[in-house]
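The values are calculated or read from the model by the stated rules, or taken from the named source; none is laboratory data. Here the structure is a predicted model, which means the values were calculated and not measured. Note: ideal-geometry Cβ built from the backbone for every residue, glycine included; neighbour counts use all protein chains shown.
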Amino acid sequence: MHASRRFLLRAAALVVVSVFSTEAAADGLAPELELGLKSLRAGELARLEKALGPLSEQPLYRADLTVDVTNRKVVGRIALTWTVKGEALDEVYLRTTPNAAHTEAVMLLNAAVNGQAAVLEHPDATLWRVKLATEAVAGTTVQLEVQLQAKVPSIAPGEEVADHGAFSASADFVSLVGVLPMVPPVKANGELFAPPTGMGDLSAFAPSSFMVSVSAPRGFVVVMPGVALGEVPEPNARVRFTNAIVGSRDFPVFVAKGLEKLSASAGDVSVEAWGTKGQASTKAVLDHAVFAVKELNKRLGPYPFTTLRIVEAPLAKGAGGMEFPGLVTVASSLVSGGADPLAALGLGGLVSDPAMLAMVGPMLKDLLRSSLEFTVLHEVAHQYFACLVGSDAVDEPVADEPLTQHTALLLLEWRRGKKAANEVREGQVKMAYQLWRMLGGRDSKANRPTGEFASTTQYAGIVYGKAPLLFDAQRKLVGEETWEKTLRAYVEQNRYRWVSSKTLTEVAAKSAPGHAKQLEGLRKRWLEELHGDEDIGQLNLADVLGGSGAVPQGTQLDAESLKLIEELMRQLGGE
């Protein structure tokens, strides 16, 4: 084993471990897995293995990365070890998800399989194919290694970017979402999972184990999911950080300067909020997250990990946050209170004209007071829906996003009462649909692939605005107690597994068999059919602005305001 492949970990004491070691411990587990198990709460390994089989046969990703912040470069080596199941393999595919938005952001080189050089092909921007010299039959353990070189795009305030800044760099914050190449699952039709351009939901990847070591300049911290195994000084004024996690569908990396950590306990789960030093709202973010973890753990079943981290990130294009197992991000604009007033509706970045923002802003003033709380609750709810219970983020985004939105509303209800939850339902969730319609968009089918939506604004109005109200209707039909039991059963039955947009309705039908036909009818009505105007209603801009005090009641909008509205409608693009 080459010394250059070794790095130091500091847990309780200094330990030497090789990223690419395949030596098993006395009980049959690799050292990386033994360390990664510290990321799971008591009893979780049994639930994980019940769903997926022995941990030793699940995919294990190991990475050793070096980040050059000044030049926005990342270099390193990735090793993947897994046991072949099902049909024999003669090739392996890897996805480099940042390349969906930045064609050549991540490049792979020098592939090796079981220590022997292998042919590496690059069929498209995000897909890489490694040829196996010898066919790997079921039960065979295969180790694949590749070198990685990445160039991280710069991001400037207000810059239009396709992935909301998920893979981007500034002078003091480097976001490396999707930096690790991963094996995509094969869909029922034989296609490989393709990453969404926005990269906010990579829930399709199989639960795996990760041990990742990242070297960063001194003065920066590296925030990652899982158990933090240590920080070790290196030559040339650098520090190496190492984390490990088991049972995760993804592993983002954030390298930042100027963040401070606040922490609190949610039972035996440690919740950390990483925010800008001196930012008063970081404490509020922490409080919201602690409440959500406690409540979801009680009502939906055990949260899987010992630690949840919430990281303030400079997201772009109006994104409020992003979710990953064991870690979520929340937009700096929301934390600081300087958010685009449309960001709370999932419509951020839609309007750039200050005059238009000034006109729309008063209409949304009240709902924005709760936008930070609602965003944190939404992102923590994603820990269960998409992260724990997996679904296809590209072909069926309605399998997790509307349910997450509904769960965030439930969390508000459980915390502040039905009146407070309904105010957000009316002012944020329904408003997203109503604003889309008011500005020229049309109602449309919610259950369709992300690529079939004409714009992010249409997606927000239909998927975040209309579709979540399905679950309000189903809850009303079966009753609150039965509905909560349904949600718990849904999580318990599908933990670490894969679901479709029909699965929750099927679970609800088993919980309330007398309402099975009506439950399916509601699913079709809200996800497959066009009843948004009838079920939600529309807004009239002049009436809304008049009622908000932006213009006197009954006053017609002047020519300049109408011109701004026409410009806004052009930005929307319609269908």
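Restrict the check to the stretch 498-506 and report whether at least one residue is more than 29 Å from Gln538 (Cβ to Cβ) and of a type in the set (A, V, I, L, M).
yes
How do the strands (runs of 3 or more DSSP E) wholly within the stretch 87-186 filter down when requiring 1 or more residues that are basic (Lys, Arg) and in the same structural domain as Pro217 (by TED's automatic domain parsing): which remain?
89-95, 127-136, 141-151
What number of residues in the stretch 35-60 are buried (at least 17 other Cβ atoms within 10 Å of the Cβ), over 13 Å from Ser248 (Cβ atoms) and among the acidic types (Asp, Glu)?
Within the stretch 35-60, residues that are buried (at least 17 other Cβ atoms within 10 Å of the Cβ), over 13 Å from Ser248 (Cβ atoms) and among the acidic types (Asp, Glu) number 0.
Can you name every residue in the stretch 242-279 that is surrounded by fewer than 22 Cβ atoms within 10 Å (Cβ to Cβ) and under 24 Å from Leu180 (Cα atoms)?
Filtering the stretch 242-279 for residues surrounded by fewer than 22 Cβ atoms within 10 Å (Cβ to Cβ) gives 249, 257-270, 272, 276-279.
Matches in the stretch 242-279: Arg249, Lys257, Leu259, Glu272.
Can you list residue pairs whose Cβ atoms sit under 8 Å apart, with the first residue in the stretch 481-493 being more than 20 Å from Cys387 (Cα to Cα) and modelled with pLDDT of 95 or more and the second being not in a helix (DSSP H, G or I) and not β-branched (Val, Ile, Thr)? Count only pairs 6 or more apart in sequence or on different chains.
Thr482/Ala512
Just to check your reading of the model, which residue among Ala244, Ala266 is more than 20 Å from Ser371 (Cβ to Cβ), in contact with an Asp or Glu (Cβ under 7 Å, 6 or more places away or on another chain) and of a type in the set (A, V, I, L, M, F, W, C)?
On the way: Ala266 fails: in contact with an Asp or Glu (Cβ under 7 Å, 6 or more places away or on another chain).
Among Ala244, Ala266, only Ala244 is more than 20 Å from Ser371 (Cβ to Cβ), in contact with an Asp or Glu (Cβ under 7 Å, 6 or more places away or on another chain) and of a type in the set (A, V, I, L, M, F, W, C).
Can you name every residue in the stretch 434-469 that is in a helix (DSSP H, G or I) and over 22 Å from the mean Cα position of the chain (by Cα)? Let's see the steps before the verdict.
First, pick out the residues of the stretch 434-469 that are in a helix (DSSP H, G or I): 434-438, 450-452, 456-466, 469.
If the condition is that a residue be in a helix (DSSP H, G or I) and over 22 Å from the mean Cα position of the chain (by Cα), then Gln434, Leu435, Trp436, Arg437, Met438 are the ones that fit.
Quick one: which of Val499, Val429 is more than 18 Å from Asp535 (Cβ to Cβ) and not assigned by TED's automatic domain parsing to the domain that holds Ala188?
Values: Val429 fails: more than 18 Å from Asp535 (Cβ to Cβ).
Unique residue meeting the criteria: Val499.
Just checking, which of Gly258, Gly219 is free of Cβ contacts under 8 Å to residues at least 60 places away in the same chain and of a type in the set (Gly, Ala, Ser)?
Just one listed residue meets the conditions, Gly219.
Scan Ala467, Ala432, Ala460 and give me the residue that is buried (at least 21 other Cβ atoms within 10 Å of the Cβ), of a type outside the set (Lys, Arg), modelled with pLDDT of 95 or more and in contact with a helix residue (DSSP H, G or I) (Cβ under 8 Å, 6 or more places away or on another chain). Steps first, answer last, please.
On the way: Ala432 fails: modelled with pLDDT of 95 or more; Ala460 fails: modelled with pLDDT of 95 or more.
None of the other options fit; the residue is Ala467.
Which pairs turn up if I take residues in the stretch 510-537 that are in a loop (DSSP other than H, G, I, E, B) and look for partners that are acidic (Asp, Glu) with beta carbon separation below 6 Å, at least 6 apart in sequence or on another chain?
From the stretch 510-537, the pairs are Leu530/Asp443.
Looking only at residues in the stretch 187-222 that are among the aliphatic types (A, V, I, L, M), in a strand (DSSP E or B) and surrounded by fewer than 20 Cβ atoms within 10 Å (Cβ to Cβ), which one is modelled with the lowest pLDDT?
Taking the stretch 187-222 as the starting set, the residues that turn out to be among the aliphatic types (A, V, I, L, M) are 188, 192, 194, 199, 202, 204, 206, 211-212, 214, 216, 221-222.
Next cut, in a strand (DSSP E or B) only: 192, 211-212, 214, 216, 221-222.
The next check asks that each one be surrounded by fewer than 20 Cβ atoms within 10 Å (Cβ to Cβ); those that pass are 192, 221.
Numbers: Leu192: 80, Val221: 98.
Among those that are among the aliphatic types (A, V, I, L, M), in a strand (DSSP E or B) and surrounded by fewer than 20 Cβ atoms within 10 Å (Cβ to Cβ), it is Leu192.
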